[in-house]
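Only one structure is covered here, and it is reproduced in the block below.
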Amino acid sequence: TAQFEAPLQQPSRCAVDKAGNIYVTQGTAVVLVNSTAFAYKTLDLAGSGALSLEAVTVDLEDFDVYVGDSAQGKIFRLPCNKIDTSGTQCTDLSTTTTSPSTEP
(Lines give C-alpha, C1' and ligand atoms only; values in the text may rest on other atoms or scores of the structure.)
Protein backbone atom coordinates (compact mmCIF):
# COMPACT_ATOMS: atom_id res chain seq x y z
CA THR A 1 0.00 0.00 0.00
CA ALA A 2 1.43 3.35 -1.06
CA GLN A 3 1.28 6.23 1.38
CA PHE A 4 1.36 9.88 0.43
CA GLU A 5 1.65 12.77 2.82
CA ALA A 6 1.51 16.41 1.79
CA PRO A 7 0.52 19.66 3.47
CA LEU A 8 -3.02 20.51 2.43
CA GLN A 9 -4.70 23.89 2.52
CA GLN A 10 -8.04 23.95 4.23
CA PRO A 11 -10.59 23.23 3.04
CA SER A 12 -9.74 20.49 0.57
CA ARG A 13 -11.77 17.64 -0.87
CA CYS A 14 -10.93 14.63 -2.99
CA ALA A 15 -12.41 12.18 -5.48
CA VAL A 16 -11.06 8.90 -6.89
CA ASP A 17 -11.41 7.36 -10.38
CA LYS A 18 -11.56 3.65 -11.28
CA ALA A 19 -7.77 3.40 -11.61
CA GLY A 20 -7.19 4.80 -8.11
CA ASN A 21 -6.07 8.28 -9.21
CA ILE A 22 -6.98 10.92 -6.65
CA TYR A 23 -8.17 14.46 -7.47
CA VAL A 24 -7.61 16.90 -4.56
CA THR A 25 -8.80 20.52 -4.44
CA GLN A 26 -6.28 23.04 -3.09
CA GLY A 27 -7.32 26.69 -3.14
CA THR A 28 -7.87 27.44 -6.85
CA ALA A 29 -6.21 24.24 -8.09
CA VAL A 30 -6.95 20.56 -8.60
CA VAL A 31 -3.97 18.32 -7.83
CA LEU A 32 -3.92 14.90 -9.48
CA VAL A 33 -2.22 12.16 -7.49
CA ASN A 34 -1.81 8.85 -9.29
CA SER A 35 -2.38 5.42 -7.73
CA THR A 36 1.32 5.14 -6.84
CA ALA A 37 1.01 8.32 -4.70
CA PHE A 38 2.89 10.61 -7.09
CA ALA A 39 1.40 14.10 -7.54
CA TYR A 40 1.79 14.37 -11.29
CA LYS A 41 -0.32 17.31 -12.37
CA THR A 42 -1.68 20.52 -10.91
CA LEU A 43 -4.46 22.32 -12.76
CA ASP A 44 -4.83 25.88 -11.49
CA LEU A 45 -8.28 27.26 -12.32
CA ALA A 46 -7.60 30.84 -11.16
CA GLY A 47 -7.38 31.90 -14.81
CA SER A 48 -10.88 30.52 -15.31
CA GLY A 49 -12.19 32.65 -12.44
CA ALA A 50 -11.97 30.15 -9.57
CA LEU A 51 -11.72 31.63 -6.09
CA SER A 52 -12.12 28.79 -3.59
CA LEU A 53 -12.48 25.23 -4.87
CA GLU A 54 -13.98 22.64 -2.57
CA ALA A 55 -16.21 19.85 -3.83
CA VAL A 56 -14.78 17.64 -6.58
CA THR A 57 -16.18 14.59 -8.36
CA VAL A 58 -15.17 12.39 -11.28
CA ASP A 59 -17.77 11.05 -13.71
CA LEU A 60 -16.88 7.35 -13.90
CA GLU A 61 -18.34 6.97 -17.40
CA ASP A 62 -16.73 9.82 -19.35
CA PHE A 63 -14.09 10.78 -16.70
CA ASP A 64 -14.92 14.48 -16.81
CA VAL A 65 -13.99 16.20 -13.53
CA TYR A 66 -16.45 18.60 -11.87
CA VAL A 67 -15.24 21.09 -9.27
CA GLY A 68 -17.36 23.39 -7.11
CA ASP A 69 -16.32 26.92 -6.16
CA SER A 70 -17.85 27.64 -2.74
CA ALA A 71 -17.10 31.38 -2.92
CA GLN A 72 -19.15 31.85 -6.09
CA GLY A 73 -21.59 28.95 -6.16
CA LYS A 74 -20.13 27.93 -9.54
CA ILE A 75 -19.23 24.55 -10.99
CA PHE A 76 -16.25 24.08 -13.29
CA ARG A 77 -16.04 21.11 -15.66
CA LEU A 78 -12.70 19.73 -16.86
CA PRO A 79 -13.54 17.50 -19.84
CA CYS A 80 -11.66 14.28 -20.48
CA ASN A 81 -10.29 14.29 -24.03
CA LYS A 82 -9.09 10.67 -24.06
CA ILE A 83 -9.81 7.57 -21.96
CA ASP A 84 -7.24 4.77 -21.62
CA THR A 85 -7.80 1.46 -23.43
CA SER A 86 -8.84 -0.30 -20.21
CA GLY A 87 -11.56 2.32 -19.62
CA THR A 88 -10.42 3.07 -16.08
CA GLN A 89 -8.95 6.59 -16.30
CA CYS A 90 -8.55 9.74 -18.34
CA THR A 91 -5.21 9.99 -20.12
CA ASP A 92 -5.79 13.53 -21.42
CA LEU A 93 -7.70 15.82 -19.07
CA SER A 94 -8.44 19.22 -20.57
CA THR A 95 -6.94 22.21 -18.80
CA THR A 96 -9.69 24.43 -20.23
CA THR A 97 -12.84 24.58 -18.13
CA THR A 98 -16.32 24.48 -19.62
CA SER A 99 -19.72 25.02 -18.10
CA PRO A 100 -21.50 21.79 -17.17
CA SER A 101 -24.46 20.85 -19.32
CA THR A 102 -27.87 21.22 -17.77
CA GLU A 103 -29.02 18.14 -19.67
CA PRO A 104 -29.62 15.01 -17.54
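Ser99 exposes around 100 Å² of accessible area when a 1.4 Å probe is run over every protein chain in place. In sequence order, region 72-88 has phi-based couplings of 10, x, 10, 10, 9, 10, 10, x, 8, 8, 8, 9, 5, 5, 7, x, 10 Hz under the Karplus curve 6.51 cos²θ - 1.76 cosθ + 1.60, θ = phi - 60°, and Gly or Pro positions carry x.
For region 37-85, the spherically averaged projection of the C-alpha convex hull amounts to 4.3 nm². Computed with a 1.4 Å probe over protein heavy atoms only, the accessible area of Ile22 comes to about 60 Å². A cut-off of 5 Å between modelled amide H atoms, ignoring neighbours fewer than 5 places along the same chain, links Gln26 with Val31.
Checking every one of the chymotrypsin sites (Phe, Trp or Tyr not before Pro) in region 9-86 against DSSP loop status and a limit of 15 other Cβ atoms within 10 Å picks out Phe38. Within the straight-line cut-off of under 16 Å between alpha carbons, the lysines reachable from Lys18 are Lys82, sequence neighbours fewer than 8 places apart in one chain being disregarded. 3J(HN,Hα) couplings calculated from phi for region 13-22 with the Karplus curve 6.51 cos²θ - 1.76 cosθ + 1.60 (θ = phi - 60°) are, in sequence order, 9, 9, 9, 10, 9, 5, 8, x, 6, 10 Hz; Gly and Pro show x. Here region 13-52 has an Rg and Dmax of 10.5, 31 Å, counting Cα atoms alone. If I take R0 = 30 Å and measure r between the Cβ atoms of Asp84 and Ser52 in this structure, what FRET efficiency does the formula 1/(1 + (r/R0)^6) give, to the nearest 0.05? For R0 = 30 Å, the calculated efficiency reads 0.45.
The values are calculated or read from the model by the stated rules, or taken from the named source; none is laboratory data. Computed from a predicted structure; not experimentally measured. Virtual Cβ from ideal backbone geometry, glycine too; neighbours counted across all protein chains shown. Surface areas here come from the heavy atoms of the whole protein model, side chains and all, with no ligands, DNA or RNA. Shrake-Rupley method; radii C 1.70, N 1.55, O 1.52, S 1.80 Å.
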